[in-house]
Amino acid sequence: MSTIAELDGRVVECRACPRLVAWREEVAATKRAAFRDQDYWGRPVPGFGPPDASVAVVGLAPAAHGANRTGRVFTGDRSGDVLYAAMHAVGLASQPTATHIGDGLELRGVRITAPVKCAPPANKPTPAERDACGHWLVEEFALLRPTLRAVVVLGAFGWQALLPVLTAMWSVPTPRPRFGHGVEHHLAAVDGGPPLTLFGCYHVSQQNTFTGRLTQAMVEDVLRRAARVRPGE
């Protein structure tokens with residue numbers, strides 16, 4: 001792919017995983033009662049944010065009645081409520097809410113993406129589905145490479161999916177860095193480009209935020225640290 005826009009256009013057309021295709025389309029057809037009057041997206045969900053972002057945020061997969069409904073990552077669900085409020089608080093988003101495409105939300109210097117582009121049953125993609133979808137993330141990071149300086153990974157699934165992607169451009173230690181909230185790892189470049197700083201953050205799922213395991217302030221702290229990374233650091 002030559003541009004992020006071209007990549008996003010191809011992501012939307014993907015039908016590589018039969019189980020995910022069947023599930024995302026079934027959800028879009030049956031809908032949730034609260035959204036029965038809405039047209040669901042029901043397709044793979046591309047990343048969101050500028051093509052020259054210095055920070056990437058990596059999640060897990062679209063939510064069945066969130067991004068699979070709205071067509072934009074972390075939009076229209078409780079997880080997004082926490083994430084975008086935190087991003088707005090640290091200056092990475094133009095507003096604290098994300099309800100639908102066309103709601104005026106703009107991201108500043110950050111792009112949000114996921115290792116799996118389709119909503120999975122029970123929010124659990126299989127390893128085979130993760131691997132089949134991995135090339136999209138490889139291409140996305142290659143296009144972000146000139147400006148990317150930091151990555152915030154939301155949850156252990158995204159962490160494990162991302163590390164193999166990074167090895168094409170950065171040196172990932174052996175044994176591989178372990179996921180944890182607030183962890184920070186500095187990866188040297190292997191392709192002559194700038195280094196990368198990798199941050200871990202608990203996923204902004206309701207399971208974490210409703211129980212108090214993760215607060216908005218905790219998310220803000222990690223995002224703020226990532227936003228402060230500058231070229232050469």
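The values are calculated or read from the model by the stated rules, or taken from the named source; none is laboratory data. Because the structure is predicted, anything quoted here is derived from the model rather than measured. When we count neighbours, we look across all protein chains shown, and the Cβ atoms used for this are built from the backbone with ideal geometry, even at glycine. Heads up: the accessible areas ignore ligands, DNA and RNA and are worked out on the full protein's heavy atoms, side chains in. Shrake-Rupley method; radii C 1.70, N 1.55, O 1.52, S 1.80 Å.
Checking each residue of region 171-182 against the condition of being surrounded by 13 or more Cβ atoms within 10 Å (Cβ to Cβ) and closer than 16 Å to ALA56 by Cα gives no match. Looking only at region 11-33, residues that are in a helix (DSSP H, G or I) and touching a residue at least 12 places away in the same chain (Cβ under 8 Å) come to 11 in all.
I'd like the residue in region 89-123 that is basic (Lys, Arg) and assigned to a loop (DSSP other than H, G, I, E, B) and, out of all such residues, is nearest to GLU140 (Cα to Cα).
Taking region 89-123 first, the residues basic (Lys, Arg) are 108, 111, 117.
From what's left, assigned to a loop (DSSP other than H, G, I, E, B): 108, 117.
On the way: ARG108: 18, LYS117: 12 Å.
Residue satisfying both the conditions and the ranking: LYS117.
Total residues in region 129-154 satisfying the condition of being out of contact with any strand residue (DSSP E or B) (no Cβ under 9 Å at 6 or more places or on another chain) and in contact (Cβ under 8 Å) with a residue 12 or more places away in the chain: the figure is 12.
On the given criteria, is ARG15 surrounded by fewer than 15 Cβ atoms within 10 Å (Cβ to Cβ) and within 26 Å of GLY155 (Cα to Cα)? Spelling it out, ARG15 is indeed surrounded by fewer than 15 Cβ atoms within 10 Å (Cβ to Cβ) and within 26 Å of GLY155 (Cα to Cα). Does region 84-111 hold any residues that are surrounded by fewer than 23 Cβ atoms within 10 Å (Cβ to Cβ), closer than 21 Å to GLU220 by Cβ and of a type in the set (A, V, I, L, M), and which are they? ALA85, ALA89, VAL90, LEU105, LEU107, listed by residue number. Only residues that are closer than 12 Å to ARG43 by Cα and either open to solvent by 70 Å² or more (accessible area, probe 1.4 Å) or not in a helix (DSSP H, G or I) (or both) were counted across region 1-10, and they come to 1. Candidates in region 47-82 are the residues that are part of a helix (DSSP H, G or I) and open to solvent by less than 10 Å² (accessible area, probe 1.4 Å); of these, the one that is nearest to ALA28 (Cα to Cα) is ASN68.
Condition check for ILE101 on (1) closer than 26 Å to LEU20 by Cα; (2) β-branched (Val, Ile, Thr); (3) in contact with a Leu (Cβ under 8 Å, 6 or more places away or on another chain): one failure, at (3).
Listed here are the residues, each with its yes/no results for (1) open to solvent by less than 50 Å² (accessible area, probe 1.4 Å); (2) not small (Gly, Ala, Ser).
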residue	(1), (2)
THR113	yes, yes
LEU137	yes, yes
ARG145	yes, yes
TRP159	yes, yes
HIS186	no, yes
PRO194	yes, yes
GLY200	yes, no
GLY212	yes, no
THR215	no, yes
